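The values are calculated or read from the model by the stated rules, or taken from the named source; none is laboratory data. If you're wondering where the values come from, they're calculated on a predicted model, not measured in any experiment. Quick reminder, even Gly has a Cβ in these numbers, built from the backbone with ideal geometry, and neighbours come from all protein chains shown. All accessible areas refer to the heavy atoms of the entire protein, side chains included, with ligands and DNA or RNA removed. Shrake-Rupley method; radii C 1.70, N 1.55, O 1.52, S 1.80 Å.
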Amino acid sequence: MKFLLFLIVALSAVISNATVYFQEQFDDDAWEKRWVESKHKSDQQGKWKLTAGKFYGDAEKDKGIQTTQDARFYGISATFDKVNTEGSDLVIQFTVKHEQKIDCGGGYLKIFPSTLDQEDMHGDSQYAIMFGPDICGPGTKKVHVIFHYKGKNLLVKKDIRCKDDEFTHLYTLIVKPDNTYEVRIDNKKAESGNLEEDWDFLPPKTIKDPEASKPEDWDDNEKIDDPEDAKPEDWEKPEFISDPDAEKPEDWDDEMDGEWEPPQVDNPEYKGEWKPKQIDNPNYKGKWIHPEIDNPEYEADDELYKQEDLSAIGFDLWQVKSGTIFDNIYIGNDIEEAETQAKDLFEATKTGEKKMKDSQDEEEKKKREEEEKKRKDEAEEEEEEEEEEDDEDEETPEPEADATEDEEEDKETHDEL
């Protein structure tokens, strides 16, 4: 009985610690009251609209905010109660849909401290975490995971590939109190590891000993020239020789054309530059390795994961081609809740979204084929009409000039009579 009571208490503690810091599914028209658009460089700020896009799995569930103007900055943010992640997981999750076949533009979000000025949010506004996909041309298609730490923005050292198609994709970042992390795409692990190893939070634990240097007599050449090897006496042959089959042209004039010289051809006896053969170096000591010592500037930090001030979420982007839809934002400390939302809000609609897109593509394909057939038929009709006109012109006899002249002469004779 006591054990059962202990389990109930423990389970209650776990449930009570599960907290949603912020979530947004853009499921009502009041979203504009919860979000604040940046006025920084307002003439260059693009407009947002609520939409499920051109294709979707559920017309209501799939509604999100979409960028609508090309070559614009986009800045919009929402606040939540200040969060300190000490001792707990941090989960950041949202969906991105680049239905415009994006060629260059961001699809990431930023988590800000409470110092954010929402109406002046811009690219230099200090953030705590930046996470999500970024695409620009064929060379940049990656997931950003950037942490702000002691005045620096630190980029992940691993290359995490993002999705670059037109469908909705789910991006999840999990940061744990043991200083480990995991990045998921479409609810599947894409990358994981240790914060200290995969970001430059801290200086290296060891450094090269500044007092150490390679001894002057250290021989690190594994091979050397064989001192007993000598170049053969018949080695030296020219690389090119006169073509023995060439003959002076019969019409060659030495006075006009100069002295005739046969063309040069490769010398079949040419052996190239001679080099002595290599042998093992008897004095070889191996590659010299610079000894290392503990770095006096290294100081361990067991709380790299901890964020002491998370208070706002924002999209601070530049897009060359607009059309990206953001939705299903979750920020909290409950991995299971994030997984549940992933299934209910993403996985439940992705099949329908693809089915609708495939149907639209098929319709567009048929339309293109019909238009192409129509253009082809019209071109053939025009060609046939032109051929018929040409045939008619050929069949119509031209008036005979001589006959006309005879008629005029007869008329003049008649008049005279």
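For region 73-190, what class follows from the C-alpha gyration tensor (a ≥ b ≥ c being the square roots of its eigenvalues): rounded when a/c is under 1.5, otherwise prolate if a/b is larger than b/c, else oblate?
Oblate.
Using 0.36 nm per residue of separation minus the Cα-Cα distance, give me the extension gain between residue 242 and residue 366 in nm, one decimal.
37.8 nm
Given N residues in region 270-380, what is its alpha carbon radius of gyration divided by 2.2 N^0.38 Å?
Rg over 2.2 N^0.38 Å, computed on Cα atoms: 2.47.
Dipole size in debye (nearest 20) for region 120-175 around its Cα centre, Lys and Arg Cβ +1, Asp and Glu Cβ -1?
Here region 120-175 has a charge dipole of around 400 debye.
Starting from the 7 Å offset along Cα-to-Cβ, what nm value, one decimal, do you get for the label separation of residue 375 and residue 120?
Computed distance between label sites residue 375 and residue 120 equals 5.4 nm.
List the trypsin sites (Lys or Arg not before Pro) in region 144-183 that DSSP assigns to loop (not H, G, I, E or B) and whose Cβ has at most 13 other Cβ atoms within 10 Å. Which are they?
For trypsin sites (Lys or Arg not before Pro) across region 144-183 that sit outside H, G, I, E and B with at most 13 neighbouring Cβ atoms in 10 Å, the list reads 150, 157.
Indicate the gyration tensor shape class of the chain (rounded, prolate or oblate), computed on the Cα atoms with a ≥ b ≥ c the square roots of the eigenvalues: a/c under 1.5 is rounded; otherwise a/b larger than b/c is prolate and the rest oblate.
Because a/c hits 1.5 or more and a/b fails to exceed b/c, the chain counts as oblate.
Quick check on the chain: helices-only [θ] at 222 nm, where DSSP H runs of length 4 and up contribute -39,500 (n - 2.57) each and the sum goes over total residues. Nearest 500, please.
Value at 222 nm, helices only, nearest 500: -7500 deg cm²/dmol.
Can you tell which of 164, 334, 220 shows the greatest fluctuation in a Gaussian network model of the chain with Cα springs below 10 Å?
Checking each option, the largest mean-square fluctuation is seen for 220.
With +1 on each Lys and Arg Cβ and -1 on each Asp and Glu Cβ, how big is the dipole of the chain about its Cα centre, in debye rounded to the nearest 20?
So the dipole magnitude of the chain works out to roughly 8680 debye.
Between 251, 178, 165, where does the largest GNM mean-square fluctuation fall for the chain, given springs only between Cα atoms within less than 10 Å?
Evaluated over the chain, the most mobile residue of the options is 251.
Calculate one ³J(HN,Hα) per residue across region 277-283 by plugging θ = phi - 60° into the Karplus curve 6.51 cos²θ - 1.76 cosθ + 1.60, and present them in order as whole Hz with x for glycine and proline.
With coefficients 6.51, -1.76 and 1.60, one gets 6, 9, 10, 4, 7, x, 9 Hz.
Which FRET efficiency value, to the nearest 0.05, is calculated for residue 225 and residue 265 with the Förster distance at 51 angstrom and r the Cβ-Cβ distance?
The value I calculate is 0.95.
Residue 43 to residue 294: FRET efficiency via 1/(1 + (r/R0)^6), r the Cβ-Cβ distance, R0 60 Å, to the nearest 0.05?
The computed FRET efficiency comes out at 0.65.
If one computes P(r) from the Cα atoms of region 247-335, what percent of pairs lie at distances over 19 Å?
81 percent
According to the square roots a ≥ b ≥ c of the eigenvalues of the Cα gyration tensor, what is the shape class of region 117-276, taking rounded for a/c under 1.5, prolate for a/b larger than b/c otherwise, and oblate for the remainder?
Because a/c hits 1.5 or more and a/b exceeds b/c, region 117-276 counts as prolate.
Less than 20 Å from a label point 7 Å out along the Cα-to-Cβ axis of residue 157: which backbone N atoms in region 302-328 qualify, by residue?
302-306, by backbone N distance to the label point.
Over 32 Å between Cα atoms, which of 321/355; 214/306; 61/152; 152/214; 231/285 qualify?
Correct reply: 214/306; 61/152; 152/214.
Whole Å is fine, so just give me how far the alpha carbon centre of region 222-255 lies from that of region 130-152.
Region 222-255 and region 130-152 have Cα centres separated by 60 Å.
Per 0.36 nm of contour for each residue apart, how much would the distance between residue 165 and residue 386 grow if the chain were fully extended, relative to their Cα-Cα spacing?
Length difference between fully extended and current span is 74.9 nm.
Accessible area, 1.4 Å probe, largest first: how do 36, 91 sort?
Putting 36, 91 in descending order of accessible area: 36, 91.
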